[in-house]
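First comes the structure, then the notes that go with it.
The values are calculated or read from the model by the stated rules, or taken from the named source; none is laboratory data. Keep in mind that this is a model prediction, so the values were computed, not measured. When we count neighbours, we look across all protein chains shown, and the Cβ atoms used for this are built from the backbone with ideal geometry, even at glycine. In case anyone asks, the SASA skips ligands and DNA or RNA and just uses the protein heavy atoms, side chains included. Shrake-Rupley method; radii C 1.70, N 1.55, O 1.52, S 1.80 Å.
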Amino acid sequence: MKSENQYVLLKCFCEARKTQAYFTKCLDMNSSLEEREFILELVKESAETSNKIRSFCENVLD
C-alpha cells in the first residue's frame, strides 16, 4: 500500500509542476499588468502546492 500511495503522490507532484510550467508559458509580454499579476499568482500557487507535496513525501514517507 505504501508504494501505491507514493506513486499517487509522485503523480500529483508531477502534475502540479506541469501546471506551474504551463502557467509560466502563458506569461506574455503583451498581457496587461493585471493579467500578468494574475498568471504569476497562479504560478506561485502551483509552486506552493508541489512544494507541499514534496515536503510531505520527504517528512512522512522516508
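In region 1-24, the residues that are without any contact (Cβ under 8 Å) to a residue 12 or more places away in the chain form no Cβ pair under 6 Å with any partner that is polar (S, T, N, Q) and open to solvent by 60 Å² or more (accessible area, probe 1.4 Å), whether six or more places apart or across chains.
Exactly one condition in (1) open to solvent by 50 Å² or more (accessible area, probe 1.4 Å); (2) part of a helix (DSSP H, G or I) is false for Asn30; which is it? The failed condition is (2).
Of the residues contained in region 49-59, none is found to be in contact (Cβ under 8 Å) with a residue 40 or more places away in the chain, assigned to a helix (DSSP H, G or I) and exposed (fewer than 12 other Cβ atoms within 10 Å of the Cβ).
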